[in-house]
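Beneath this line is the structure, given in structure tokens, with notes to follow.
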Amino acid sequence: MAKLNPFDLYDIQSLLTEEELMIKDSVARFVDERAMPVIAGYFDDAKFPSELIPEIAEMGLLGSSLEGYGCAGLNAVSYGLICQELERCDSGLRSFVSVQSSLCMYPIHAYGSEDQKQRWLPGMAAGEIIGCFGLTESHGGSDPANMKTHARREGNDWIINGSKMWITNGSIADVAIVWARSEEGIMGFLLEKGMEGFEARTIKSKMSLRASVTSELYFDNVRVPETNRLPNVTGLKGPLGCLTQARYGITWGPIGSAIACLEEVVNYTADRILFGRPLAANQAIQIRLADMARKITAAQLFSLQLGRLKDAGKMQPTQVSIAKWNNVRMALDIARDCRDILGGSGITTEYQAIRHMLNLESVITYEGTETITYEGTETVHQLVVGRELTGINAF
Ligand code: TGC
Ligand code: FAD
């Protein structure tokens with residue numbers, strides 16, 4: 001019998017097109033040769049590896065699924081595979097690409113004027129302009145409808161006041177997509193670095209996503225011209241539409257983290273001799289490894305079908321919620337279990353498991369939290385699915 005690939009037990013590779021496989025392989029090569037050797041150092045130092053941005057851009061990974069304006073125009077499955085390979089290295093690397101692509105370039109592409117697209121997208125695809133996405137506020141990210149950041153019209157300008165919290169790329173961004181409430185509804189604005197009254201402060205002491213920049217944004221009477229407002233969307237569906245794009249990519253990313261963790265412990269348990277035999281020779285260890293492989297396989301099938309639905313123009317937000325909920329929980333559980341199997345070695349960043357585990361604590365929180373407790377399960381994605389099943393909005 002042919003030997004199976006332990007990290008692709010259902011031969012998902014055979015379901016990919018030649019182009020999709022080529023993209024996956026080239027990102028995997030970049031990750032193995034350029035990103036893996038440096039990532040633990042950046043995580044330890046709590047720094048974002050900006051040295052990698054030019055190569056990420058050169059490979060066409062920024063705004064990869066958008067058409068025109070210097071973007072690669074790849075399909076959704078390719079974008080997913082890019083996220084998976086990047087997150088096999090670190091969630092922070094995938095976060096950078098998710099935010100730039102799905103949360104900044106996507107809204108400019110989908111809701112922006114032609115002038116805005118011409119002005120921002122080619123530089124963002126080239127990695128020369130960095131973006132961030134400001135939706136969450138400190139009083140409660142799960143409920144963005146309750147936003148306090150406010151925009152008031154004054155002639156041909158808008159005056160923006162308020163603040164945003166937990167913003168990926170905030171302090172390194174040249175442009176921020178800021179969602180604010182106005183008398184005409186929730187609107188998106190392009191705030192440029194250096195605008196008077198606009199300040200970004202890096203959040204320190206994070207124990208998660210240390211190789212990613214997370215910031216607070218402050219707006220004190222920031223004057224923004226009407227030409228910097230996204231003209232083609234009003235209402236919460238603007239930011240929520242972006243989240244659907246980003247969450248889709250996030251369903252793929254943690255599959256990469258989980259594979260990295262499993263691969264590490266498969267190797268570790270083969271070499272570690274305890275009680276006179278390899279750790280991997282114990283049933284109790286094999287059952288844990290098998291359970292990880294089972295969960296990864298299910299997650300791979302979720303994301304691939306989701307990607308095929310997206311490419312066919314049929315993907316629904318509820319389907320994204322199910323996959324985000326399942327796949328991030330899967331990866332977090334695997335990373336925690338791998339950390340444990342590594343014993344004491346598992347508590348330093350010499351091994352990957354603890355870094356992935358800590359990162360995934362953010363990934364499960366951002367883009368809609370999902371918490372499973374022994375008492376019950378009641379958070380954003382679970383309630384989205386519950387609403388689909390019952391027709392009752394329980395938020
Ligand atoms: P609801 O009243 O249902 O909808 C309001 C309007 O939005 C439309 N809509 C969507 N459109 C596109 N995609 C979706 N997923 C959509 N969900 C809703 C809806 O049709 C409606 O349109 P219209 O025309 O009728 O006005 O909204 P709701 O209040 O019921 O929503 C509740 C809830 C909890 C689902 C929503 O508020 C939510 O998703 N909360 C979580 C917020 C969140 O995920 N924030 C993430 C911030 S960004 C981030 O974390 C980036 S981290 C990235 C990284 O570093 O990688
Ligand atoms: P809260 O909304 O206060 O939720 C707290 C807890 O209550 C959670 O466990 C939640 O599941 C639970 N809960 C909430 N509602 C219910 C309910 N109805 N029933 C039961 N339980 C409920 N935001 C951006 O806008 N842009 C970014 O770039 C960005 N990047 C981020 C990067 C990092 C590293 C992190 C950690 C966050 C980032 N976020 C970003 C913010 C993120 O989206 C929010 O943290 C998330 O939406 C949750 O909001 P909160 O932290 O205010 O938690």
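The values are calculated or read from the model by the stated rules, or taken from the named source; none is laboratory data. Only a predicted model underlies this, so the values are computations on that prediction, with no experimental measurement involved. So basically every Cβ, Gly included, is an ideal-geometry build from the backbone, and we count neighbours across all protein chains shown. Side chains are part of the model used for accessible areas, which takes the heavy atoms of the whole protein and leaves out ligands, DNA and RNA. Shrake-Rupley method; radii C 1.70, N 1.55, O 1.52, S 1.80 Å.
Tabulated values for the structure
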quantity	calculated
Cα centroid of the stretch 268-295 to Cα centroid of the stretch 30-82, whole Å	33
Cα→Cβ-extended label distance, 7 Å offset, between Glu58 and Thr390, nm	5.4
Rounded, prolate or oblate (a/c below 1.5 giving rounded, otherwise prolate when a/b exceeds b/c) for the stretch 183-315 by Cα gyration tensor	oblate
Filter on Lys295/Lys324; Lys164/Lys193; Lys24/Lys164; Lys204/Lys237 - keep pairs with C-alpha separation over 24 Å	Lys24/Lys164; Lys204/Lys237
Cysteines without a disulfide-compatible partner [the chain; Cβ-Cβ under 4.7 Å]	Cys71, Cys83, Cys89, Cys104, Cys132, Cys242
Angle between the chain longest axis and helix 18-30 axis [Cα atoms, degrees, rounded to 10]	80
For the stretch 12-125, size of Cβ-based charge dipole, Lys and Arg +1, Asp and Glu -1, in debye	260
By accessible area with a 1.4 Å probe, ligands and nucleic acids excluded, highest first: order of Val266, Val328, Val385	Val266, Val385, Val328
Theoretical FRET efficiency, 1/(1+(r/R0)^6), r = Cβ-Cβ of Ala2 and Ile347, R0 45 Å, to 0.05	0.75
Rounded to the nearest 10 Å², the accessible area of Ser95 at probe 1.4 Å	0
Estimated dipole of the chain in Debye, rounded to 20 [Cβ of Lys and Arg +1, of Asp and Glu -1, Cα centre]	700
0 to 90° range, to nearest 10: angle between helix 36-45 axis and the chain longest Cα axis	60
Accessible surface, 1.4 Å probe, highest first, among residues Tyr218, Tyr111, Tyr10	Tyr10, Tyr218, Tyr111
Net length gained if the chain between Asp220 and Ile287 were fully extended (0.36 nm per residue, minus Cα distance)	18.5 nm
Estimated FRET transfer efficiency when R0 is 30 angstrom, pair Ala145-Glu199 (beta carbons, to 0.05)	0.75
Positive-pole candidate from Ile203, Ala151, Val97, dipole of the stretch 86-210, charges at beta carbon	Ile203
Shape call, the stretch 67-183: gyration tensor on alpha carbons, a/c limit 1.5	oblate
3J(HN,Hα) from dihedral phi, the stretch 160-173, Karplus parametrisation 6.51/-1.76/1.60, rounded to Hz, x for glycine, proline	10, 10, x, 7, 10, 10, 6, 9, 4, 6, x, 7, 9, 7
Carbon/sulfur fraction of accessible area - the stretch 12-125, other protein chains in place, 1.4 Å, %	49
GNM result for the chain, Cα springs below 10 Å: residue of Met207, Met187, Met357 fluctuating most strongly	Met207
Whole-percent carbon and sulfur share, accessible surface of the stretch 237-390, 1.4 Å	55
Signed unit charges on C-beta, dipole axis of the chain, positive-most listed residue Ala335, Leu66, Gly238	Ala335
Using alpha-carbon coordinates, inclination of helix 237-271 to the longest axis of the chain, degrees	20
Trp120 - accessible surface, heavy atoms, 1.4 Å probe, Å² rounded to 10	20
Residue-normalised accessible area of the stretch 94-228, expressed per residue, 1.4 Å probe, Å²	40
Two-site label geometry, Ala312 and Asn156: point separation in nm, points 7 Å out along Cα→Cβ	4.9
Test item: Cα-centred dipole of the stretch 178-258, Lys/Arg +1 and Asp/Glu -1 on Cβ, debye	460
Inverse of mean 1/r across different Cα pairs in the chain, Kirkwood, Å	21.6
Centroid-to-centroid separation of the stretch 150-178 and the stretch 313-367 [C-alpha atoms, Å]	31
Accessible surface, 1.4 Å probe, highest first, among residues Cys71, Cys83	Cys71, Cys83
For Ile186, residues with placed amide H under 5 Å, excluding near neighbours	Gly235, Leu236
HN-Hα J in Hz across the stretch 2-13 - Karplus 6.51, -1.76, 1.60, θ = phi - 60°, x for Gly and Pro	5, 6, 7, 6, x, 9, 8, 5, 9, 6, 4, 3
Summed residue charge, Cβ within 10 Å of Ile334's Cβ, Lys/Arg positive, Asp/Glu negative	+2
Proximal aspartates and glutamates relative to Lys117, as straight alpha-carbon distance under 19 Å, when same-chain residues fewer than 8 apart are discounted	Glu67, Glu128, Asp174, Glu192, Glu226
